[in-house]
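What follows is calculated from the coordinates using simple rules that are stated; it is not laboratory data. From a predicted model like this one, the values you see are computed outputs, not experimental measurements. Using ideal geometry, Cβ is built from the backbone for each residue, glycine included, and neighbour counts are taken over all protein chains shown.
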Amino acid sequence: MRTFSLALASFALLTSGAALAAPCKDAKGKFIKCPTAAAKPAAAAGGVVKDAKGKCHVASGPKKGQFTKCP
């Protein structure tokens, strides 16, 4: 029983590492730059975000916090 649980644990460690590395490899197995997290659609449109009241603000940069037109 002890050998079986040790084998099962080592198998789980080996398979989980392969699953985490899969997105950073192409179809031929070569390493590529890992994809970044997808940005929110509102943030992608010039860094404009909506607040809780539905008003749009500039998210970053020198005009951070100023009201602007919603995209």
Check your understanding: How many nm separate the modelled label positions at T3 and K55, each set 7 Å beyond the Cα in the direction of the Cβ?
Key -> 7.2 nm
Practice item. Just subtract the alpha-carbon distance of K25 and V48 from 0.36 nm times their residue separation and send over the number in nm, one decimal. Key: 5.0 nm
